[in-house]
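Beneath this line is the structure, given in structure tokens, with notes to follow.
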Amino acid sequence: MDDQTKNLIQNHIDENDVCLFMKGTPDAPQCGFSMAVSNMLKILEVNFKGINVLENQSLREGIKIFSDWPTIPQLYIKKEFVGGCDIVKEMYESGELKKVFDDKEISYKK
């Protein structure tokens, strides 16, 4: 991965408390898994930044190297990699995702 891609990824993570690297946008997801994670965040009314990896092939491949995680979407909360769709869904259903938002002082619909 080149430095430009790495810096782009790092800047998105640094500048947004909740950052979702996804296929498509929150309003127009391009894959079911990206839509699922985006919808969970929307239901909780979390302010998040959706990054469309389909706009940039370097970003699409780079995020997988950056996180050492093979799939997209990828959710970061306060600069910490949380996981992909299955992990986020599990955390959402168990209430653990709300606990992470509480611990990191991220506002959401309680």
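Any read-out appearing in this document is the output of simple, stated calculations on the displayed coordinates, not a laboratory observation. Because the structure is a prediction, the values reported are computed rather than measured. No Cβ is skipped: glycine too gets one built from the backbone with ideal geometry, and neighbour counts run over all protein chains shown.
Brief remarks on what is shown
- Of all residues in the stretch 64-105, those satisfying the criterion of being within 18 Å of Asn39 (Cα to Cα), buried (at least 16 other Cβ atoms within 10 Å of the Cβ) and not hydrophobic (A, V, I, L, M, F, W, C) are Pro73, Gln74, Tyr76, Gly83, Gly84, Lys89, Tyr92, Lys98.
- Qualifying residue in the stretch 36-56 (condition: closer than 27 Å to Met1 by Cβ, touching a residue at least 60 places away in the same chain (Cβ under 8 Å) and basic (Lys, Arg)): no
- Unique residue being basic (Lys, Arg) and under 12 Å from Val18 (Cβ atoms) when the list is Lys109, Lys78: Lys78
- Residues in the stretch 33-57 that are out of contact with any helix residue (DSSP H, G or I) (no Cβ under 6 Å at 6 or more places or on another chain) and crowded, with 18+ Cβ neighbours inside 10 Å: Ser34, Met35, Ser38, Leu41, Leu44, Val46, Gly50, Asn52.
- Qualifying residue in the stretch 11-32 (condition: surrounded by 18 or more Cβ atoms within 10 Å (Cβ to Cβ), hydrophobic (A, V, I, L, M, F, W, C) and in contact with a Ser or Thr (Cβ under 6 Å, 6 or more places away or on another chain)): yes
- Check on Val46, within 11 Å of the chain's Cα centre (by Cα) and either of a type in the set (A, V, I, L, M, F, W, C) or at negative phi (or both): no
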